[in-house]
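Data block below; observations after.
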Amino acid sequence: MQTTRLEAFSDGVIAILITIMVLELRLPEGADAAALRALVPTLAAYVMSFIYLGIYWNNHRHMFHVVDRVTGGILWANLHLLFWLSLVPFVTNWMGEHPHEPLPTAIYGVVLICAAIAYTILVRTIIHAQGPQSKLKAAVGRDNKGNVSMLLYAVAIATTAVRHEIAWAFYALVALIWLVPDRRIERVL
């Protein structure tokens, strides 16, 4: 099977998730700076999640440029990734509405680390289907960037027990690490 339907479906799901997130934003209760300031945590959570979904979309698009065919396993691995990404609007809204509570911040991290694990599973499933000489395997290598990201997510989740603000900083750090599209794939093309 060709990759076009999988790519189109994934693009559509991510676009819908971004739309859901923006629809969850509420208007300020007043028309002054104080009313807008009250929404800063919600807006910050939205911006961070928008960036995360953008990163996943961008890297997903890059990755499928080196995939020549889709198998049933790849379809299921991709759906697994989309499942975890579909929870991003929920945890974004919860964390944004309760910015001083550790549990929503920790659950946000759990969704992020599960999405990262699902992405890793998708990559490994594609490599397995493409064989040991696959372009994706050559591009990804040992995936140090992905492994470091998952470690940082785990640390972030653990820090919510101490100071949840530290977790927000770790989540932002991982986003910064991935903000530039993954050049490893471009190198093998």
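The values are calculated or read from the model by the stated rules, or taken from the named source; none is laboratory data. Since we're looking at a predicted model, the values are computed, not measured. When we count neighbours, we look across all protein chains shown, and the Cβ atoms used for this are built from the backbone with ideal geometry, even at glycine. Just so you know, the surface numbers come from the protein's heavy atoms only, side chains and all, with ligands and any DNA or RNA stripped out. Shrake-Rupley method; radii C 1.70, N 1.55, O 1.52, S 1.80 Å.
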(message) Could you work out [θ]222 nm for the chain from helices alone, using -39500 (n - 2.57) per DSSP H run of at least four and dividing by all its residues? Round to the nearest 500 deg cm²/dmol.
(response) -25500 deg cm²/dmol
(message) Out of the total accessible area of the chain (probe 1.4 Å, heavy atoms of protein only), what percent is carbon and sulfur?
(response) 68 percent
(message) Just to verify a number: what accessible area does W94 come out at with the full protein assembly present, 1.4 Å probe, Å² rounded to tens?
(response) 80 Å²
(request) Calculate, in nm to one decimal, what L151 and F83 gain on full extension: separation in residues at 0.36 nm each, minus their alpha carbon distance. (result) 22.4 nm
(message) Just the number please: accessible area per residue for the chain, 1.4 Å probe, all protein chains included, in Å².
(response) 53 Å²
(message) List the residue ranges in the chain for DSSP H helices whose C-alpha atoms run 24 angstrom or more along the long axis and whose Kyte-Doolittle average is 1.0 or above.
(response) 4-24, 102-130
(request) Using DSSP to define loop residues, name the trypsin sites (Lys or Arg not before Pro) in region 79-162 whose beta-carbon has at most 11 other beta-carbon atoms within 10 Å. (result) R142
(message) What distance in nm lies between label points placed 7 Å from Cα along the C-beta direction at T71 and I117?
(response) 2.2 nm
(request) Could you please state, rounded to a whole Å, how far the C-alpha centre of region 18-57 is from the C-alpha centre of region 64-138? (result) 23 Å
(message) Considering just Cα atoms, how many Å³ per residue does the convex hull of the chain enclose?
(response) 108 Å³
